[in-house]
Protein chains: 2
Amino acid sequence: MRKNVLIVGAGGVGHVVAHKCAMNNDILGDICIASLTQQKCDAIIESILRKNHVKDSSKKLYSREVDALNIPALVQLIQETKSEIVINVGQSYINMSVLEACIQTGAVYMDTAIHEEPDKVCENPPWYANYEWKRKERCAENGITAILGIGFDPGVVNAWCALAQKEYFDTIDTIDILDVNAGSHGKYFATNFDPEINFREFKKVWTWVDRKWVLQKVHSIRVDYDFPVVGSCPVYLTGHDELHSLSKNIDANSIRFWMGFGDHYLNVFSVLTNIGLTSEVPIKIAEGVEIAPIKVLKALLPDPASLAPGYTGKTCIGNFIRGTKDNKPRQIFIYNTCDHAECYQEVESQAISYTAGVPAVAAAILVARGDWDAKKMVNVEELDPTPFIKLLDTMGLPTEVLEAPATFEAPVIKSLETV
Amino acid sequence: MRKNVLIVGAGGVGHVVAHKCAMNNDILGDICIASLTQQKCDAIIESILRKNHVKDSSKKLYSREVDALNIPALVQLIQETKSEIVINVGQSYINMSVLEACIQTGAVYMDTAIHEEPDKVCENPPWYANYEWKRKERCAENGITAILGIGFDPGVVNAWCALAQKEYFDTIDTIDILDVNAGSHGKYFATNFDPEINFREFKKVWTWVDRKWVLQKVHSIRVDYDFPVVGSCPVYLTGHDELHSLSKNIDANSIRFWMGFGDHYLNVFSVLTNIGLTSEVPIKIAEGVEIAPIKVLKALLPDPASLAPGYTGKTCIGNFIRGTKDNKPRQIFIYNTCDHAECYQEVESQAISYTAGVPAVAAAILVARGDWDAKKMVNVEELDPTPFIKLLDTMGLPTEVLEAPATFEAPVIKSLETV
């Protein structure tokens, strides 16, 4: 049994994580939300109280200020708060310092996105090997449970791959992870999470094709797929975290990630990128000021948190998997749909943050109960998917499985470069 | 006889003005180029020497550093350089200080664009009445010749209006000034002059329709016109300097300005504007820095001067004028076409700067000769157009007149607001 949760990060995902932790604090114990800006934590606590989401009022719910790049400060915070589980939902730059603090204190570590260095984008595969996996041995030696990428994608989609292998297939040929947001925020243009991190995803496309890494240009390969519930949507081959671990842990020929973009989004993104406004490299302005254009763009775009109240429509994220079972070909689409307005009604958040935050809390519950307390560093597909998927069914993210769905037809993907 | 020219401003137009002054320095005398950045002036002088453009080598060609918002410094510079003609081709923010220095020293004043205050865009009509015309009386009292807007548009197009009235029409119904750049700079996106000033033009559209000012939205009214030489191009109703004086000085029912934009330009401009990147209002970046987004955009866009070497194609600027002569309907298109590559070959500049700069030098020659030394403040249409148009014919900007050209069909323009 593990108890008391420290949530590091008070953005959109932290907001959802805190709500769901409070709703399960009979199992999880005290909840502390920590961020560089304590008032963002306090705003989340206000939302939780407004929604009456504290299940066990004998447990504490409180906030702290912390610089998550400062390891000694994190160690002290984990110890002072007696947190045995740390859920890191801050910017991707802080993963290694939070992990280090967990290793030093014996706390369980979880995050929802791969580690990034500010000056490096879309690193060579497998990306986890550059940072996280270098700490595998130390985690094992110290009996540290570290669960990497336990959001939705990465996270739930990884568990679905494990579930497919365990229950649905004897052999897997292709896995296509499809992520589409068919909702509308009603703004001219906005990103659903930090634009700085969001746009970093769209610089290079690394994909696992025929058991090799292939490199492709961003937004260059499009497929239209008829999704359940949300209907036909265009998706584009995109690089994404989970491919970097699934390629190693799941026995499949090809594993690809596809993200949905509308024509308007792509047009705006293309203009901004061609002009140089999505760049993280500082430029000099006539007045002598040096600034990264992406920081200016971020200041002009709507705060992702501000989108939630008016968001309508649904997200659909699913794995189209093709292989064999009992020597017969089989294909399934295993998926979840999530409604923006329902998420807002429940936890005052939109579905993008909701789908990323809820799985981390489900995992925390499984760790607290002992089911997932692995005592080593794992990616999600290395854990038993059954209790996780079952728990998510009751927490707002039910899994649906379509047998013999419409075929997802990926074109032949040639590489611009191989690794 | 007036002599010795001070050119204030060392941008693209200043470059052309300096070349053409040097080519006519037997009439104009010494030429001094002054700017906040003296090395920009020196680069222009190098270009003039490279092209062997100094006609009379007994005359001086030199540079000076000056802050054109500092009136005493300007007065001293005019006196020290013994300049009797000042051609102001700096940013539009400096018009009033340069004019003041001319009034104080007795020098002739010329500019090529209306005065702007940094914090005010697209001011209420007639715009000249807010700044320039308030100095009319002082100019008259002191016998100061001040020629406003003596570039191409405003400038030559104003002279064409005067010429139409003098030679082609008894009554004028409509004047449509059409400005199209059918050239290509080969870049993803660029402005042909300072983007800060360029984009300020596209905030509001004030137009003179049926002898009233009407307000319209930018890029909302499009007409396709079959231009001579460059062929069919789309043009959009746009607000522009010359309407603010022509509406007062030319007896016509409607005077409208139309600028050519391609779909790609409009798309990029629309994205940038909708995101807020063309705004001159400072915003606060997360890091605490305050900056006007347009300054960041300007730093990212190609320097307009850098476009000249690779520019191909032509500009076409003309007045489509409809009225009566000898009680019969008449319509003419009076125009000029200018070739980017030919401009570069002659003066190492593109056609946008060339068409703006050459007319100011023609005017300086007319003033030096005494033809246009009005001893008061005038807009170009108040001067005799004949010697000016004749002189431009020999200086690289010949005027062509089409009798009974294809009709320019403007739609009915309703006002969003009237003045």
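FYI, it's all coordinate maths here, none of it is from the lab. It should be emphasised that the depicted structure is a prediction, and the values quoted were computed from it without experimental measurement. Cβ: placed from backbone, ideal geometry, glycine included. Neighbour counts: every protein chain shown.
Among residues other than B:Thr238 with Cβ under 13 Å from its Cβ, the summed charge is 0 (Lys and Arg +1, Asp and Glu -1).
Can you show me the helix-derived [θ] at 222 nm for the protein assembly as shown, built from DSSP H runs with n ≥ 4 at -39,500 (n - 2.57) apiece and divided by the number of residues, rounded to the nearest 500. Walk me through the intermediate numbers first.
Values: 28 runs with 270 residues, N = 838.
Calculated from helices alone, the mean residue ellipticity at 222 nm is -9500 deg cm²/dmol.
Placing a pseudo-label 7 Å from each Cα along the Cα-to-Cβ vector at B:Asp119 and A:Asn267 gives an inter-label distance of 3.6 nm. Take every DSSP beta bridge whose two residues both sit in the protein assembly as shown; close to 60 percent of them are antiparallel. Sorted from closest to farthest, the other copies place their B:Asp251 label points 9.6 nm away, with each point set 7 Å from Cα along Cα→Cβ.
Residue-wise HN-Hα couplings along region B:394-401, as the Karplus relation 6.51 cos²θ - 1.76 cosθ + 1.60 with θ = phi - 60° gives them from phi, are 9, 10, x, 10, x, 8, 10, 10 Hz; Gly and Pro carry x. Anyone know which of A:Val13, A:Val205, A:Val361 comes out most mobile in the 10 Å Cα GNM of chain A? Between A:Val13, A:Val205, A:Val361, it is A:Val205 that shows the largest mean-square fluctuation.
Starting from the label point of A:Asp119 at 7 Å along Cα→Cβ, the same points in the other copies fall at 4.0 nm, in ascending order. Rounded to the nearest 20, the size of the Cβ-charge dipole of region B:156-344 about its Cα centre is 420 debye, with Lys and Arg at +1 and Asp and Glu at -1.
Quantify how strongly other chains surround peptide A:279-285 by giving the mean number of their Cβ atoms within 10 Å of each of its Cβ atoms. Mean shielding count: 2. Label-to-label distance for B:Asp303 and B:Met395 is 2.7 nm, based on points extended 7 Å past Cα in the beta-carbon direction.
Couplings 3J(HN,Hα) of region A:373-379, computed from phi: 7, 6, 6, 7, 8, 9, 8 Hz, in residue order, whole Hz [Karplus 6.51 cos²θ - 1.76 cosθ + 1.60, θ = phi - 60°; x for Gly and Pro].
Taking all Cα pairs closer than 8 Å and separated by 6 or more residues, the relative contact order of chain B comes to 21 percent. The phi torsions of region B:341-351, fed into the Karplus equation with coefficients 6.51, -1.76 and 1.60 and a -60° offset, translate into couplings of 5, 5, 4, 5, 4, 6, 10, 6, 9, 8, 5 Hz, rounded to whole numbers, with Gly and Pro shown as x. When the C-alpha to C-alpha distance is required to be over 29 Å, the pairs from A:Lys166/A:Lys204; B:Lys59/B:Lys298; B:Lys3/B:Lys376; A:Lys203/A:Lys314; A:Lys314/A:Lys376 that qualify are A:Lys166/A:Lys204; B:Lys59/B:Lys298; A:Lys314/A:Lys376. The other copies place their B:Asp42 label points at 5.8 nm from this one, listed shortest first, where each point is 7 Å from Cα along Cα→Cβ. The mean count of C-beta atoms from other chains within 10 Å of the C-beta of residues in A:289-302, rounded to a whole number, is 5.
Close amide H contacts of B:Asp56 (hydrogens built in the peptide plane, cut-off under 5 Å, sequence separation of 5 or more or a different chain): B:Asn25, B:Asp26.
Backbone amide hydrogens, once placed in the peptide plane, bring A:Val205 within less than 5 Å of A:Gln216, A:Val218, excluding anything fewer than 5 places away on its chain. Checked against a 29 Å cut-off, the cross-linked pairs A:Lys248/A:Lys325; A:Lys136/A:Lys414; B:Lys134/B:Lys325 give Cα-Cα distances beyond that limit for A:Lys136/A:Lys414; B:Lys134/B:Lys325. Spin-label pair A:Asn249-B:Tyr62: with each label point 7 Å from Cα along the Cα-Cβ axis, the two points sit 7.7 nm from one another. Around the amide H of A:Ile283, modelled in the peptide plane, lie the amide H atoms of A:Ile291, A:Ala292, all under 5 Å away and 5 or more residues distant in sequence or on another chain.
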